[in-house]
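As structure tokens, the structure follows; a few thoughts come after it.
The values are calculated or read from the model by the stated rules, or taken from the named source; none is laboratory data. Since we're looking at a predicted model, the values are computed, not measured. Cβ sites come from the backbone with ideal geometry, for glycine too, and all protein chains shown count toward neighbours.
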Amino acid sequence: MRLKSRHRKFRWLRAAAILALLGGLVWMQFLSRHREPPLVKIDAIRPYMNFSAVRIAGRLASDARRLSSGSILYLVEDGTGTLAVFSNQINDDALPRMGDRVTVSGNLNIGAGSNIRLQMRSADRVVVEPSSFAAAYASGNVLSNVTARLKGKHMQVCGRVSRFWSPPAGSKAPHRIVLTDQSGSLDVVHWLPNPPAADIGDVMEVKGQVQVYNDQVQLKLLNPEDISILK
């Protein structure tokens, strides 16, 4: 009887150990699927990180688009660089637009010549925060709508800074900021003593008056508080 009791106890212990092992494996699998990968900067990606799971946060440098292969391409910039992100998941929702802030997770694929891409693992691995820039574009408030017919009108526009121009010392010419979106470009001119602190690639929202100079439509910035950088 004592021997049978020991065998029965051993079987229970073995079953408990197997259950504990299976539970641990299930838990590890759960964590691997649900734990957020580390957030990294694009310029910090190195060859030894090939196939690593990472998370990238930034803005879309262009509209997300569906390729002929069926996958979706996102070009994400985070201030340190730009990274091509690919998703093979079927997504019937409207694709995010240029300027939208996104957070994406996936596995790095680093090829020859430091050709880096991120392959998303599932459709729920992208988080989109629409920007004012994208919202304005989606609503039809695009730069190409600012025409000579609106001369004298006050308008608010949103675009990405593509170029700056400053007049030479002693010149009466204005400073010029060139904004762009998917529809075209628009010159914003001003005579502010302290030009706004902006960089190429920044998304800028400007209120001003439409004017025409040498047959070119411009937006004249009147007050420094009428310009803002969208972060």
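Are there any pairs, at least 6 apart or on different chains, whose C-beta atoms fall under 6 Å, with the first in the stretch 94-108 and in the same structural domain as ALA53 (by TED's automatic domain parsing) and buried (at least 20 other Cβ atoms within 10 Å of the Cβ) and the second assigned to a loop (DSSP other than H, G, I, E, B) and among the basic types (Lys, Arg), and if so, which?
Matching pairs, first to second residue: GLY106/ARG121.
Which of the residues spanning the stretch 156-175 are of a type in the set (A, V, I, L, M, F, W, C) and surrounded by 15 or more Cβ atoms within 10 Å (Cβ to Cβ)?
Going residue by residue through the stretch 156-175, those that are of a type in the set (A, V, I, L, M, F, W, C) are 157-158, 161, 164-165, 169, 173.
Result: VAL157, CYS158, VAL161.
Here is a list of conditions, (1) part of a loop (DSSP other than H, G, I, E, B); (2) closer than 26 Å to TYR48 by Cβ, and ASN109 meets all of them except one; can you say which number that is?
(1)
In the stretch 139-152, what residues are assigned to a loop (DSSP other than H, G, I, E, B), of a type outside the set (A, V, I, L, M, F, W, C) and farther than 20 Å from ARG101 by Cβ? If you could, list the steps in order and put the result at the bottom.
Pass one, the stretch 139-152, residues assigned to a loop (DSSP other than H, G, I, E, B): 139-142, 146-147, 151-152.
Still in the running and of a type outside the set (A, V, I, L, M, F, W, C): 139-141, 147, 151-152.
Within the stretch 139-152, GLY140, THR147, LYS151, GLY152 qualify.
Need at least 1 residues that are aromatic (Phe, Trp, Tyr) per element, so show me which strands (runs of 3 or more DSSP E) inside the stretch 153-200 make the cut, counting only ones lying wholly within it. Step through it out loud before you land on a result.
Numbers: elements: 154-165, 175-181, 184-190.
By residue number, 154-165.
Find all pairs meeting these conditions: Cβ atoms under 9 angstrom apart; at least six residues apart or on different chains; first residue within the stretch 146-164 and under 21 Å from ASP215 (Cβ atoms) and in contact (Cβ under 8 Å) with a residue 24 or more places away in the chain; second residue among the polar types (S, T, N, Q) and buried (at least 19 other Cβ atoms within 10 Å of the Cβ).
Listed by first residue and then by second, the contacts come to VAL146/GLN218.
All but one of (1) touching a Ser or Thr at 6+ places or on another chain (Cβ under 9 Å); (2) surrounded by 16 or more Cβ atoms within 10 Å (Cβ to Cβ) hold for GLN211, so report the exception by its number.
So GLN211 meets the others, but not (1).
Examine the stretch 176-184 for a residue that is in contact with a strand residue (DSSP E or B) (Cβ under 7 Å, 6 or more places away or on another chain), surrounded by fewer than 18 Cβ atoms within 10 Å (Cβ to Cβ) and under 25 Å from PRO96 (Cβ atoms), and state whether such a residue exists. Spell out the reasoning first.
Step one: of the stretch 176-184, the residues in contact with a strand residue (DSSP E or B) (Cβ under 7 Å, 6 or more places away or on another chain) are 176-181.
Filter once more, keeping what is surrounded by fewer than 18 Cβ atoms within 10 Å (Cβ to Cβ): 176, 178, 180.
Applying the additional criterion that residues be under 25 Å from PRO96 (Cβ atoms) yields 178, 180.
So far as the stretch 176-184 goes, yes, one or more of its residues are in contact with a strand residue (DSSP E or B) (Cβ under 7 Å, 6 or more places away or on another chain), surrounded by fewer than 18 Cβ atoms within 10 Å (Cβ to Cβ) and under 25 Å from PRO96 (Cβ atoms).
THR103 fails exactly one of the following numbered conditions: (1) under 12 Å from the mean Cα position of the chain (by Cα); (2) polar (S, T, N, Q); (3) over 29 Å from SER162 (Cβ atoms). What is the number of that condition?
Only one criterion is unmet by THR103, namely (3).
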